[in-house]
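The values are calculated or read from the model by the stated rules, or taken from the named source; none is laboratory data. All values derive from a computational prediction rather than experimental measurement. Virtual Cβ from ideal backbone geometry, glycine too; neighbours counted across all protein chains shown.
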Amino acid sequence: MKKILEVYYPIILAFICLVYSVSLGLLGNTAEAQYTAHWPGTILLFAIAIRQRRKDYNSKK
């Protein structure tokens, strides 16, 4: 279970942020919903960048 969380934590976190953003939009807080709508993409992009850097670093050893 721990291994799964290590691999998929960015996706889980991005999904939670997406649900949060949609719920804000449904509650009528459109400005906040638009602001938080950028979080999932940012989280996933940072996860990709960090894993790529880690992969490059480990391949040089």
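If the condition is being in a helix (DSSP H, G or I) and surrounded by 12 or more Cβ atoms within 10 Å (Cβ to Cβ), then the range 31-44 contributes Glu32, Ala33, Gln34, Tyr35, Thr36, Trp39, Pro40, Gly41, Ile43, Leu44.
Among the residues of the range 1-29, just one is modelled with pLDDT of 95 or more, of a type outside the set (A, V, I, L, M) and loosely packed, with under 12 Cβ neighbours inside 10 Å, namely Gly28.
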